[in-house]
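A short write-up of the structure that comes next.
The values are calculated or read from the model by the stated rules, or taken from the named source; none is laboratory data. If you're wondering where the values come from, they're calculated on a predicted model, not measured in any experiment. Note: ideal-geometry Cβ built from the backbone for every residue, glycine included; neighbour counts use all protein chains shown. Note: areas computed on protein heavy atoms with side chains; ligands, DNA, RNA excluded. Shrake-Rupley method; radii C 1.70, N 1.55, O 1.52, S 1.80 Å.
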Amino acid sequence: MGTSHAYVTPSRRNEGPPHYQRRQGLLGANFVRREGGWTVARILPGESSDSKARSPLAGTGIREGAILTHVDGRPVDELTGPYPLLAGAGGTTVELTFTPAEGEGRARRVAVVPLIDERPLRYQDWVAKRRAVVRELSGGHCGYLHIPDMGGSGWAQFNRDLRLEVSRPALIVDVRGNAGGHISELVVEKLTRTILGWDLTRNAQPVSYASNAPRGPVVALADEATSSDGDMITAAFKLLKLGPVVGQRTWGGVVGMTGRHELGDGTVITVPMNAAWFDAYGWSVENRGVTPDLEILRTPWTGRRAATPNWTTRSSWPWTSCPSTPGNPAGLQRRTEPFPPTTPPTLLRQREG
């Protein structure tokens, strides 16, 4: 059956005695095996605005280069490393013993609560790295937003960085890997706002009206993992001519489901219930996806890096069309009055009169 959102999940899960179901403890850090032992290569910084993205070792005083020697007093095996000792330790307090880098000073013992799930922490680190690449390539002129899904977490992530990122002359909206959901209309409403004027308050920065509206050109990034409501927002991005879509053709799954149904043996099934139709595409987004304006292949090798070579060579797309520069590539639209006036227009007219 070539219909998306038609799933069957087997019932046999979480089998075995309870002590086998305890969760693995994770430290939010990268360890490498070196001659002196298991060394901290990097401690992820964490994201204070996301309670799930805390970093256990951040703030403990442990520095990169330190060697983890013991977990709860048990020595770390040179071959298997610390993770067997952290089995079942997720969400509990453990004591870690570190030797400072290059053996300088005494060993230190710190008590931490390992994570049960590192994905939120590593995701925030992933976003920060890509935002740093965009800043570097654009000379600080381009904002970057990644939307991981079209649910509650995606909406929170979108609004977490929206105000700062849209205040820059251009904006990249990254929906690669978007897992879908149901709030694409809310995101589109934000991205289609137009600046009509400015609110100027004494001793404060000007605020655009409408608030949180893009200041200049907008570009969307999509790939084959942009799915479901991610397909929908990519289609809307093109139909509304918000800007070019760059990347790969999207997943192509816009026949949606409403809830999950459990069978007598515990098997869970989903039943496709609704389909999306567009005036421009008809029913063709299902099983086909949305084709980008500029196709760029991201291979497994280039996917390991923050930006692909092809993307880097075309990275000037968003910001070369800003009002302060010449060039306006096809598909990029300038916005009226993208920056606040240095003097309120009414005062300026009074002075000129």
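General observations
- When the residues 98, 278 are ordered by accessible surface, computed with a 1.4 Å probe over the protein chains alone, the sequence from largest down reads 278, 98.
- The label point for residue 265 and the one for residue 110, both projected 7 Å from the Cα toward the Cβ, are 5.0 nm apart.
- Ranking 179, 144, 156 by Cα position along the charge dipole of the stretch 129-184, where only Lys, Arg, Asp and Glu carry charges on their C-beta atoms, puts 144 farthest toward the positive end.
- Remark: accessible surface ordering of 7, 281 (largest first) is 7, 281, probe radius 1.4 Å.
- Here, the stretch 144-291 has an Rg and a Dmax of 17.6, 67 Å when only alpha carbons are counted.
- Heavy-atom accessible area for residue 5, with the other protein chains in place and a 1.4 Å probe, reaches approximately 20 Å².
- Rounded to the nearest whole angstrom, the semi-axes of the ellipsoid equivalent to the stretch 41-155, taken from the Cα gyration tensor as √(5λ), stand at 32, 19, 11, largest first.
- The stretch 97-141 residues near the modelled residue 24 label - backbone nitrogen below 11 Å, point 7 Å along Cα→Cβ: 117-118
- Accessible area (Å², 1.4 Å probe, nearest 10) - residue 241: 130
- Where 200, 221 fall by accessible area, highest first, once all protein chains stay in place (1.4 Å): 200, 221
- Taking all protein chains as they are arranged and a probe of 1.4 Å, the heavy atoms of residue 238 leave approximately 50 Å² accessible to solvent.
- Cβ-Cβ distance of residue 119 and residue 77, R₀ of 22 Å, FRET efficiency by 1/(1 + (r/R0)^6): the value works out to about 0.25.
- FRET efficiency estimate (nearest 0.05) - Cβ-Cβ, residue 301 to residue 258, R0 35 angstrom: 0.30
- Linear extension gain, residue 194 paired with residue 241, 0.36 nm per residue minus alpha-carbon span: 15.6 nm
- FRET efficiency, 1/(1 + (r/R0)^6) with R0 35 Å, evaluated for residue 12 and residue 93 via beta carbons: 0.60
- In this simple spin-label model, placing a label point 7 Å from the Cα along the Cα-to-Cβ direction at both residue 135 and residue 101 gives a separation of 2.2 nm.
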